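Worksheet: one structure, shown below.
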Amino acid sequence: MTGDPPTAPTRRVLGPHLLIVTLGRAAINVPFRIIYPFLPAIARGLGVSLAAASGLITLRLVGTLGSPFLGPLADRLGRRRVMVGALLLFASASLLLAGTGAFAGAAIAFLLYGIAKALYDPAVYAYLGDTVAYHERGRAIGALELSWSSAWLLGVPASGFLIERLGWRAPWAVLILLGLLGAWVARTGLPSASRRFTGDGGESFVATLVTAWCDLLRRRSVLVFLFINLLLTLAVEIPFIVYGAWLEKAFGLSLTTLGLASTVVGLAEAAAEFGTAVITDRLGKRRSVLVGLLGLAASLVALPWLVQFGLAAALIGVALMMLTFEFAWVSLMPLATELAPDARATLISLTAIPFSFGRILGATVGGWLWQWQSIALHAGVGSVCALVAMLLLARGVREVGERREGTLPAAQ
C-alpha cells in the first residue's frame with residue numbers, strides 16, 4: 001500500500017489525544033485479561049463445562065489472527081475511522097455476551113473481541129507514528145502500553161467485585177458503556193489525519209494489500225523485525241507456560257496463593273511500560289531493545305538459581321523475566337513504526353503472525369520440556385532465543401527515524 005510520502009509529524013498527542021487512544025485500548029484489552037481468572041464463573045453462567053468455556057479463548061485468538069487482513073484497513077480508510085469502528089464492534093460484542101447469556105452468543109462475542117483488537121491495535125500504533133515525532137515516540141507508546149497492564153491490575157479486581165455482587169454478566173455490561181463512550185470520544189476528540197490514505201486509488205483492497213505485503217517482505221529490516229518478534233515471544237513463552245507448575249512444584253502453593261503471587265506479572269508489566277515511557281527516547285529505541293533482550297537473557301539464566309533462596313526470590317526472578325521482556329517488546333514498537341512509514345498499520349498488523357506462532361510454538365516446546373520438570377531447560381532455551389534476537393537486531397536493523405527528523409544524537 002502506498003500513499004503520500006510520509007513527513008515528520010507536526011502535531012503532538014502526548015496529552016489528551018494520547019489519553020483517548022490509551023483508554024480505548026485499555027477497554028479493548030479487558031476481555032483478554034479477565035477471562036483467565038473468571039473463566040469458571042463465565043462457564044457456570046453460560047451453563048457449560050470449564051473445558052467448553054476455554055474454547056472462548058481459542059475463538060478470541062482466531063479473531064486476532066485476522067490482524068494481517070484487517071489491520072491494513074487503517075492504511076486505506078484512516079486511523080481514526082478504524083479505531084472508532086473497532087470500539088463500536090467491541091461494544092456490540094459486549095452487548096451480545098451480556099444480553100444473550102448463551103454459549104453461542106458468547107462464542108460470537110469473543111470472536112468479535114479478537115477482531116476488534118485486530119483492527120484497533122495497528123490503527124493506534126500507526127496513529128502515533130503519524131502524529132508523534134520519532135524522538136518522543138517511545139514515551140507515547142510506553143504510555144499506550146500501560147493499557148495492557150492496567151487492564152489486569154484494574155480490570156481483574158473491578159470485575160471480581162462486580163461478579164461477586166451483580167453476577168457474571170456485570171463486567172460485560174460495563175464494557176458496553178466503555179466501548180460506546182470510547183467510540184464517541186475518539187470520534188469527537190481526535191483530530192482527523194492530515195495525510196491522504198490509500199483508499200483514494202482505484203485498486204481494490206485485496207490488490208493493494210497483496211502489493212503491500214510483497215513490498216514489505218522484500219525489505220530486509222522488516223524480515224529481521226518479524227524474526228526478532230518471533231524469538232522474543234519464544235524467549236518468554238517457553239518458561240512462562242510452566243511457571244505456575246514450577247512454583248507449585250517447588251513451593252507447594254495452593255491455587256489461591258498462586259493466583260495472588262501472579263500479581264507480580266501485572267506489576268512487572270506496568271513497571272516496564274512506565275520505564276519505556278521514561279527511558280527509551282533518551283537511550284534510543286534500538287539500544288533500549290538490546291538492553292531489554294540482554295536483561296531477559298540474564299534474568300532467564302538467573303531464574304533456576306533463585307529458587308534456592310525461597311519463594312520471594314523466585315517471584316523476583318519471574319518479575320525480572322516479565323519486566324525485561326515487556327521493556328524490550330514495547331521499545332521495539334516505536335522502532336517498528338519507522339521501518340515502513342508508508343504502510344505503518346500494515347506492518348504492525350503483520351506482527352500477529354510471529355507473535356501468534358511464537359505463542360503456539362512456545363507452549364508446545366515448553367510443555368514438551370516439562371517432562372523433565374526442570375525450569376533450567378526452559379530458561380536455557382529462552383535465553384538462547386533472546387541472544388539470537390539481540391544478534392539479529394544488532395546486525396539487521398538500523399535506527400533511521402531520528403535521522404529523518406535530523407535529531408539523532410551523535411552517540412547513536
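Summary of values
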quantity: Choice from 343, 389, 104 with maximal GNM fluctuation in the chain (Cα, 10 Å cutoff); calculated: 104
quantity: Residues 75, 130, 342, sorted so that the one with the fewest Cβ neighbours within 10 Å comes first; calculated: 342, 130, 75
quantity: 3J(HN,Hα) from dihedral phi, region 83-99, Karplus parametrisation 6.51/-1.76/1.60, rounded to Hz, x for glycine, proline; calculated: 4, 4, x, 5, 5, 5, 5, 4, 5, 5, 5, 5, 5, 5, 5, 6, x
quantity: In order through region 347-357: 3J(HN,Hα) via Karplus (6.51 cos²θ - 1.76 cosθ + 1.60), integer Hz, x for Gly, Pro; calculated: 5, 4, 5, 5, 5, 4, 5, x, 5, 5, 5
quantity: Which of 115, 133, 170, positive extreme of dipole for the chain (C-beta unit charges); calculated: 133
quantity: Among 99, 24, 275, residue whose mean-square fluctuation peaks in a GNM of the chain (springs only between Cα atoms under 10 Å); calculated: 99
quantity: Compactness of region 16-190 - radius of gyration and Dmax, Cα, Å; calculated: 15.9, 52
quantity: For the chain, the spread of Cα positions along each principal axis, largest first, Å; calculated: 59, 52, 36
quantity: For region 213-398, radius of gyration divided by Kirkwood radius, i.e. Rg to Rh on alpha-carbons; calculated: 0.99
quantity: For region 38-127: rounded, prolate or oblate by the Cα gyration tensor [a/c cutoff 1.5]; calculated: prolate
quantity: Scaled radius of gyration (Cα, divided by 2.2 N^0.38 Å) that region 94-197 gives; calculated: 1.29
quantity: Gain in span if fully extended, residue 309 to residue 62, counting 0.36 nm per residue against the direct Cα distance; calculated: 84.8 nm
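Laboratory data are not the source of any read-out in this text; all were calculated from the coordinates shown. Bear in mind the structure is a predicted one, so any value in this text is a computation, not a measurement. Here the Cβ is made from the backbone with ideal geometry for all residues, glycine too, and neighbour counts use every protein chain on show.
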